[in-house]
Amino acid sequence: MTGTMHDIAELAELFRVLGHETRLGLVGNLHDRGESSVGQLEAYSGVGQPALSQQLAVLRKAELVLTRREAKQIHYRINPSKILLLKDFLAALALDEVVLKQPLSPPPPTAGAAGFARIIS
């Protein structure tokens, strides 16, 4: 798998953001339920308002979620372009894994500490 340093840095940041249990749960809720208001996310996740706002801000900054304002309410939804970036990366890794599962030829014998004295015919 190859990519530019920018791509790798972006992927690393997305995985870092998703590596937090609350944020991963919020993204999962948005995936399962679709666009949701802050109040709905609070009810689904069980995360209180101050912590929820903080975690949603991190998701917004990483552009993993998009927002829409309706009167005083803010609605959140998954940003499909960021999820596709992650999906493509993971799919490439999965394809490589399939290739790697092909039988490999056995590794050459290693000499070990005293192998230099062994005569191989």
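The table below lists the values:
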read-out	value
Count - residues of region 39-80 that are touching a His at 6+ places or on another chain (Cβ under 8 Å) and surrounded by 13 or more Cβ atoms within 10 Å (Cβ to Cβ)	4
Test: residue in region 60-82 that is without any contact (Cβ under 8 Å) to a residue 40 or more places away in the chain, outside any helix (DSSP H, G or I) and within 23 Å of Leu95 (Cβ to Cβ)	no
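Taken together, the values in this text are just the output of simple stated rules run on the coordinates, not laboratory data. Quick caveat: nothing in here was measured; it's all calculated off a predicted structure. Neighbour counts are summed over all protein chains in view; Cβ atoms, including those assigned to glycine, are modelled from backbone coordinates with ideal geometry.
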